[in-house]
Amino acid sequence: MRYETAEISLIGDRSDNQDRVAIVSHDRGAFLIVVDGMGGHAEGERAAEVARQSFMDSFEASTTWIEQQRNVSRFLADSIERAHAAVAGIGKALSVEHKPRATCAVCLIVDDTAWWAHVGDARIYLLRDRGVAERTRDHSHVEVLLRQGLISESEIPGHPMRHYVECCLGGESDLPVDAIRGGRELLSGDMILVCSDGLWSGVADDILGDSCREDRSISEWLGCVSEMAVAANAPYSDNTTAAALRVLPR
């Protein structure tokens, strides 16, 4: 499979950037990583950097999963657990309210198949035919309310508990049991978007899908939607970070 990639991280209206992003590749695949340090907790920036490095180390250390796709889900589960332990480790001696924490989203592409995992409200989108074919469901309180029919999708951006996540990397929370999805076959023109909530909170799903035209490079598209999110959320825009991959014609 041939593909092109891009990544971006904008500070928005914050004083520092607590997001981290990386794309690492192998002859037969790529690993897209986005980590969002939780700004309401101490050392969110450090938590994000430690988690990103842990994911990259997991990718570099793995040698058999890429040859045996049945091991990919196990690889993702182990990677999430290692990142969780790494972030928890730097806050081991701290009180609960001061422990560093982060949310994350990662996507592994092997040949023409994608697997992904997330913790918290960082998201993965599969964009196809200028629409959202699939996206992750946030591990957040407002997502619980949405599933219970107590709020609508349009109420999420302005909800007072939108930033409350049910689980995260680090701290003392348990990892979600539904963190991993995968085995999605990718087609020519498909795009994978891995992003922090700073991006998706400012750009509606239909705009994300409709904007990914083939007549613009993936870097141009990613820059455009990221700037759109920052502008939409101003003057309180969050760090806005994403990694993207587009499948090219064979």
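For residue 202, work out the one condition from (1) more than 17 Å from the chain's Cα centre (by Cα); (2) without any contact (Cβ under 8 Å) to a residue 60 or more places away in the chain it doesn't fulfil. Status for residue 202: all satisfied but (1). Of all residues in the range 141-166, those being more than 16 Å from residue 120 (Cα to Cα) and touching a His at 6+ places or on another chain (Cβ under 9 Å) number 2. Within the range 80-89, the set of residues being surrounded by fewer than 16 Cβ atoms within 10 Å (Cβ to Cβ) and in contact (Cβ under 8 Å) with a residue 60 or more places away in the chain comprises just one member, 81.
Every residue, every condition in (1) crowded, with 17+ Cβ neighbours inside 10 Å; (2) of a type outside the set (A, V, I, L, M), yes or no:
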| position | (1), (2) |
| --- | --- |
| 19 | yes, yes |
| 24 | no, no |
| 27 | no, yes |
| 32 | yes, no |
| 35 | yes, no |
| 48 | yes, no |
| 51 | yes, no |
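Do we find that residue 237 is in contact (Cβ under 8 Å) with a residue 60 or more places away in the chain and within 15 Å of the chain's Cα centre (by Cα) in this structure? No: the conditions fail for residue 237. Listed by position, the strands (runs of 3 or more DSSP E) contained in the range 101-152 that have at least 2 residues being in contact (Cβ under 8 Å) with a residue 24 or more places away in the chain, over 17 Å from residue 78 (Cα atoms) and under 11 Å from the mean Cα position of the chain (by Cα) are 123-128.
For the range 153-206, filtered to residues that are assigned to a helix (DSSP H, G or I) and surrounded by 13 or more Cβ atoms within 10 Å (Cβ to Cβ), the residue that is modelled with the lowest pLDDT is 155.
Candidates in the range 29-60 are the residues that are more than 25 Å from residue 234 (Cα to Cα) and part of a strand (DSSP E or B); of these, the one that is modelled with the lowest pLDDT is 29. May I ask you to list the residues in the range 13-28 that are closer than 18 Å to residue 49 by Cβ and in a loop (DSSP other than H, G, I, E, B)? Correct list: 14, 15, 16, 17, 18. Assess whether residue 223 counts as being buried (at least 22 other Cβ atoms within 10 Å of the Cβ) and assigned to a helix (DSSP H, G or I). No, not satisfied. Restricting attention to the range 226-239, the residues that are surrounded by 19 or more Cβ atoms within 10 Å (Cβ to Cβ) and outside any helix (DSSP H, G or I) total 3.
Considering the range 207-220, the residues that are modelled with pLDDT of 90 or more and outside any loop (DSSP other than H, G, I, E, B) include one that is surrounded by the fewest Cβ atoms within 10 Å (Cβ to Cβ), namely 220. Inspection of the range 141-161 finds no residue satisfying the criterion of being on the phi < 0 side of the Ramachandran plot, in contact with a Phe, Trp or Tyr (Cβ under 6 Å, 6 or more places away or on another chain) and among the basic types (Lys, Arg). Can you tell me which residue is nearest to residue 119 (Cα to Cα) among those in the range 1-12 that are of a type in the set (Val, Ile, Thr) and part of a strand (DSSP E or B)? For the range 1-12, the residue satisfying everything is 8.
The values are calculated or read from the model by the stated rules, or taken from the named source; none is laboratory data. Predicted model only: the values in this text are computed from it and were never measured. Because the Cβ atoms are built from the backbone with ideal geometry, glycine has one as well, and the counts that use them run over all protein chains shown.
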